[in-house]
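Data block below; observations after.
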Amino acid sequence: MKIVCVGGGPAGLYFALLMKRADPAHDVRVIERYRPDDTFGWGVVFSDQTLQNLAAADPESHVEIRDAFEHWDDIEVHFRGQVVRSGGHGFCGIGRRRLLEILQRRCRALGVALEFEREVNDEADLGEVDLVVACDGIHSGLRRKYADVFKPEIEQRACRFIWLGTRKRFDAFTFLFAETAWGWFQVHAYQFDAETSTFIVETPEHVWRAAGLDAASPEESVRFCEGLFAEWLDGHALMRNERHPRGGQWITFQRVNNARWYHGNVVLMGDAAHTAHFSVGSGTKLAMEDAIGLAAALQQTTTVGDALRRYEDERRVEVLKIQNAARNSTEWFENVHRYVNLPPEQFAYSLLTRSQRLSHENLRVRDAAYVRGVEGWFAARAGEARPAVAPMFTPFTLRGLTLKNRVVVSPMAMYSAHEGVPGDFHLVHLGARAHGGAALVMTEMTCTSPDARITPACPGLWTDAQADAWRRICAYIHRESTAAIGVQLGHAGPKGSTQVGWAEIDAPLSEGNWPLLAPSAVAWSPRNATPREMTRADMERVRDDFVAATRRAAAAGFDWLELHAAHGYLLSAFLCPLTNRRADAWGGDVDGRCRFPLEVFEAMRAVWPADRPMSVRISAHDWALGGNTDADAVEIARRFKAAGCDLIDVSSGQTTQAARPVYGRMYQTPFADRIRNEVGIATMAVGAIFEPDHVNSIIAAGRADLCALARPHLADPFWTLHAAAQLGQDTHWPNQYLTGKAQLERNLRRGGPVETAG
Ligand SMILES: Cc1cc2nc3c(=O)[nH]c(=O)nc-3n(C[C@H](O)[C@H](O)[C@H](O)COP(=O)(O)OP(=O)(O)OC[C@H]3O[C@@H](n4cnc5c(N)ncnc54)[C@H](O)[C@@H]3O)c2cc1C
Ligand SMILES: Cc1cc2nc3c(=O)[nH]c(=O)nc-3n(C[C@H](O)[C@H](O)[C@H](O)COP(=O)(O)O)c2cc1C
């Protein structure tokens with residue numbers, strides 16, 4: 001095969017040598033526009049796992065790379081005069097120039113032709129070749145040439161960074177944070193050879209401009225960084241790469257994706273195909289693993305076309321996983337200002353777990369002493385008297401209510417009430433979950449009037465009979481369990497008068513439909529009735545219904561009250577710009593859209609006992625063009641906080657049929673994190689939180705104060721007690737069930753087959 005790699009970075013060189021290694025008869029050429037040792041940047045890092053992949057692909061270069069490595073285990077976070085160090089992270093650093101030298105030498109030894117100082121902008125200039133690898137980096141010219149096929153998506157991120165070097169040696173992967181009059185700057189620093197460290201300085205674009213760095217020369221920029229980080233440099237200078245055109249410039253990270261990775265015999269590889277923010281240290285790894293992937297695909301298939309298809313299919317999945325983690329990490333560093341009010345211990349933990357891929361238990365495997373320290377620190381702050389309590393089992397107090405742990409049974413419609421009256425099903429369902437260890441059991445959306453219901457089978461609090469039925473349930477839970485019980489009050493608005501969840505969800509009733517209300521006459525879907533735009537009189541009636549239901553809820557004995565303003569129901573429809581099209585005082589900008597929900601909230605708060613907490617559930621993102629985003633959610637949360645709200649329960653979506661949510665583990669938690677740390681209000685995270693490890697990571701990092709789990713509690717009412725047993729955490733079990741606890745704990749300790757008789 002005749003192969004040309006356009007670009008002599010890690011991707012091109014590694015692919016070339018792998019192909020030549022696989023078959024010396026291949027004619028392989030690498031064409032690089034710069035000289036062999038011109039390179040941008042200083043060091044790169046690999047994880048131990050990446051090294052194993054390189055060992056399997058080409059043992060010869062792996063040995064050289066390994067021997068050139070500086071290896072370290074620890075991460076240090078320097079923040080507000082405190083240093084938090086944790087171990088077991090297993091990284092290696094190597095100079096980029098050194099890496100390229102090793103790969104160039106290995107290419108030459110295998111017979112790859114290396115051609116420098118030649119720029120290729122059109123593969124037609126290369127003559128007859130079987131395969132052209134476009135490994136020409138982040139600004140790939142070949143990608144641009146075939147942009148109509150590759151459809152590159154290039155996202156400009158919010159920070160500026162400058163890639164510098166220093167002779168100061170860091171014995172850990174070091175993160176430094178420095179506050180200036182204009183905002184925060186951070187450094188990612190690590191040693192990559194015996195005498196040099198990489199020193200990347202990063203700050204949001206607006207801070208960079210405010211500091212005047214947009215007008216600074218490269219020398220001035222370096223001096224600025226030296227001054228700012230002088231206390232960590234011990235008199236060492238910062239160095240910029242003068243030989244490279246972009247050395248010493250402040251640049252913006254670009255996230256690159258392509259809809260397709262090949263066209264004819266031209267294939268994208270490395271940064272030309274995709275990028276991952278440097279804070280997850282994966283760009284070179286991905287580039288070299290692409291090379292391994294394509295070389296393997298070419299050996300496993302008979303035609304170049306089949307190989308390219310297989311390469312793209314396999315690599316795309318791997319790349320996406322890293323890019324998802326990198327996105328969270330990028331956003332963390334873009335929003336350092338959000339986290340600077342966290343205590344240093346929690347700030348560092350939040351940084352370590354920022355991608356949501358590295359969890360509490362992963363950290364424990366890496367450094368058990370560090371995690372024990374975090375747990376002890378967190379428990380003491382939470383007022384937990386016992387030592388060594390996992391974050392999820394620490395208490396949490398709001399107003400006069402102390403919850404025994406951080407787990408909440410999320411509100412879940414059960415569609416099992418008659419005339420709005422909860423019955424035996426509700427007693428057993430909610431009672432079982434109260435026995436199951438969660439600190440707070442929430443009712444489903446409970447409606448404030450007959451026409452506020454989602455379905456005819458939804459419960460309510462508009463009659464005394466309903467209040468009496470709820471009183472029985474509250475009394476049971478208070479008498480027989482250590483859980484608290486909360487009620488979620490809501491009005492279905494445009495999503496009312498529909499069938500129960502297991503029939504045709506959101507579809508209108510076959511008969512007996514009632515008229516719908518909404519901020520604007522916008523139907524939920526073409527098959528749902530169009531609601532009537534609410535008049536002021538309607539608003540007053542609905543507000544008063546909420547107040548009456550609140551009084552009944554207080555008298556029934558609920559410990560916690562939540563106002564449902566999410567998921568496209570009435571108050572959510574006011575908040576969402578896609579469903580609130582009013583031109584009067586109750587529509588328009590965020591103040592207008594919040595006006596009615598806030599009026600309802602304030603009226604409820606005024607009659608709800610002062611010692612009992614009140615939360616609001618919102619859809620923090622509409623997942624649709626023109627809808628609310630998490631930035632709007634921050635503004636909404638700010639207003640509810642000012643009105644006396646104690647906690648925002650952060651859900652998302654279900655506000656428009658046009659929504660295209662991006663699901664995944666803990667996918668709504670970043671919104672809870674943002675609201676909590678930007679607004680300074682407690683939050684409850686919800687959505688695809690299903691492992692104790694998720695809860696511990698979220699709580700310890702200060703992303704939320706409580707975690708609500710819905711579906712896991714349908715599958716297992718005892719989710720929390722099982723989690724406690726799994727984590728070896730002693731927690732309260734009902735006396736009646738203590739022998740079950742003993743057996744479960746014994747079985748888990750033994751890790752063997754389950755005991756059948758005790
Ligand atoms: C600040 C920073 C820190 C980073 N830190 C790390 C890290 O710690 N770990 C990590 O794994 N990755 C890191 N990366 C990412 C890493 O540098 C890239 O992901 C990696 O170099 C990609 O390899 P590549 O071969 O695809 O592209 P490149 O290394 O960019 O190589 C492309 C080559 O193509 C050449 N070229 C371009 N156009 C032409 C043309 N028309 N004709 C001929 N030649 C051409 C270029 O000169 C260049 O040499 C970092 C990146 C940055 C910016
Ligand atoms: C059967 C069912 C009914 C639900 N009913 C409600 C409800 O009444 N009020 C509400 O705010 N959310 C409701 N939800 C949403 C959940 O509270 C929760 O936000 C969502 O299921 C995501 O959490 P999970 O991934 O733990 O299931 C319901 C979810 C389910 C599965």
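The values are calculated or read from the model by the stated rules, or taken from the named source; none is laboratory data. Keep in mind that what you see is a predicted model, and the values were worked out from it rather than measured. Glycine gets a Cβ as well: all are built from the backbone with ideal geometry, and neighbour counts include every protein chain shown. Note: areas computed on protein heavy atoms with side chains; ligands, DNA, RNA excluded. Shrake-Rupley method; radii C 1.70, N 1.55, O 1.52, S 1.80 Å.
So what's Rg/Rh here for the chain, counting alpha carbon atoms and using the Kirkwood radius for Rh?
Working: Rg = 29.5 Å, Rh = 28.8 Å.
My calculation puts Rg/Rh at 1.03.
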Measure off, as a whole percent, the carbon and sulfur share of the 1.4 Å-probe accessible area of the stretch 620-740, all protein chains present. 52
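What does the charge count around residue 672 come to, taking other residues whose C-beta lies under 13 Å from its C-beta (Lys +1, Arg +1, Asp -1, Glu -1)?
+1
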Which value, in debye to the nearest 20, gives the size of the charge dipole of the chain about its Cα centre, when Lys and Arg are +1 and Asp and Glu are -1 at the Cβ? 940
Once the dipole of the stretch 350-483 is set up with Lys and Arg at +1 and Asp and Glu at -1 on Cβ about the Cα centre, which of 397, 411, 432 lies farthest towards its positive end? 397
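Within the stretch 1-88, which GluC sites (Glu not before Pro) sit in a loop by DSSP and count at most 14 neighbouring Cβ atoms inside 10 Å?
Nothing satisfies the criteria.
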Sum of side-chain charges, residue 74 neighbourhood, beta-carbon under 13 Å (Lys, Arg +1; Asp, Glu -1): -3
With the other protein chains left in place, how much accessible area per residue, in square angstrom, belongs to the chain at a 1.4 angstrom probe? 38
DSSP-assigned coil residues among GluC sites (Glu not before Pro) in the stretch 271-338, each with at most 11 further Cβ atoms within 10 Å: none
Could you give the dipole magnitude of the stretch 615-670 about its Cα centre, charging the beta-carbon of Lys and Arg +1 and that of Asp and Glu -1, in debye to the nearest 20? 60
Between the DSSP loop rule and a limit of at most 12 other Cβ atoms within 10 Å, which GluC sites (Glu not before Pro) in the stretch 497-594 are left? 511
Given contacts defined as C-alpha pairs under 8 Å and at least six residues apart, what's the relative contact order of the chain, whole-number percent? 9
With a 1.4 angstrom probe the carbon and sulfur portion of accessible area for the stretch 488-615, in percent, totals 53
Cα convex hull of the stretch 623-692: mean projected area in nm², to one decimal? 5.0
Ignoring ligands, DNA and RNA, what percent of the 1.4 Å accessible area of the stretch 89-247 is carbon and sulfur? 46
Spherically averaged projected area of the stretch 185-341 from its Cα convex hull (nm²): 12.2
From the residues 154, 166, 178, which one has its Cα farthest along the dipole of the stretch 58-214 in the positive direction, the dipole being from +1 and -1 charges on Cβ of Lys/Arg and Asp/Glu about the Cα centre? 178
Lys, Arg +1 and Asp, Glu -1 on Cβ, resulting dipole of the stretch 1-99 about Cα centre, debye, nearest 20: 380
